[in-house]
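Here the structure comes first, spelled out in structure tokens, and everything after it is commentary.
What follows draws every value from the coordinates through simple rules; no lab data is involved. Note that the structure is predicted; figures quoted are calculated from it, not measured. Cβ: placed from backbone, ideal geometry, glycine included. Neighbour counts: every protein chain shown.
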Amino acid sequence: MSAGKLHFALVELRVPKTAVFLYGVLESLAGSKRECLPTHAELAQKLHLRSRRQIVNVLSLLRRLKLVDWERGRDANCYRVFKPDFEHVADVMRRERP
């Protein structure tokens with residue numbers, strides 16, 4: 001599935017557009033290794049968000065959707081980006097956004 005179709009499918013499952021956009025940014029940064037090391041400030045700048053809290057909230061949703069995971073680093077977290085399990089995503093979104 002192409003990236004565009006994948007992102008459209010996530011929007012169709014009612015994943016917030018900010019979360020889909022952040023997922024796309026992380027995918028792009030991760031490349032074929034599926035890992036990247038951006039700071040919260042870098043992510044906030046790419047999404048035009050003003051606060052660290054906004055990024056943390058969106059990242060937390062992506063983790064609950066099993067689209068990303070991370071390990072804490074000293075200067076930046078190491079993010080791992082996963083292909084979506086659409087059934088899981090749909091189930092989480094039904095519970096979180098009735």
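Please work out the C-alpha center-to-center distance from the stretch 81-98 to the stretch 9-46 and express it in whole Å. What the calculation gives is 16 Å, centre to centre.
Structural descriptor for the chain: relative contact order 30 percent, calculated from alpha carbon pairs under 8 angstrom and at least 6 residues apart. The C-alpha atoms of the chain define a longest principal axis, and helix 86-96 lies at about 90 degrees to it.
The GNM of the chain, with springs linking C-alpha atoms under 10 angstrom apart, assigns the highest mean-square fluctuation among HIS88, HIS40, HIS48 to HIS48. Helix 52-64 against the longest principal axis of the chain: what's the angle in degrees, Cα atoms only, rounded to the nearest 10? So the inclination is approximately 50 degrees.
Taken one residue at a time, the phi angles of the stretch 33-38 give Karplus couplings (6.51, -1.76, 1.60, θ = phi - 60°) of 6, 6, 9, 8, 10, x Hz. Gly and Pro are set to x. Note on LEU43, LEU29: ascending count of other Cβ atoms within 10 Å places them as LEU29, LEU43, the fewest first. Each Lys and Arg adds +1 at its Cβ and each Asp and Glu adds -1 at its Cβ; summed about the Cα centre, the chain shows a dipole of about 260 debye. Here is the P(r) of the stretch 3-96: all C-alpha pair distances, binned every 5 Å from 0, give 3, 14, 27, 27, 18, 9, 2, 0 in whole percents.
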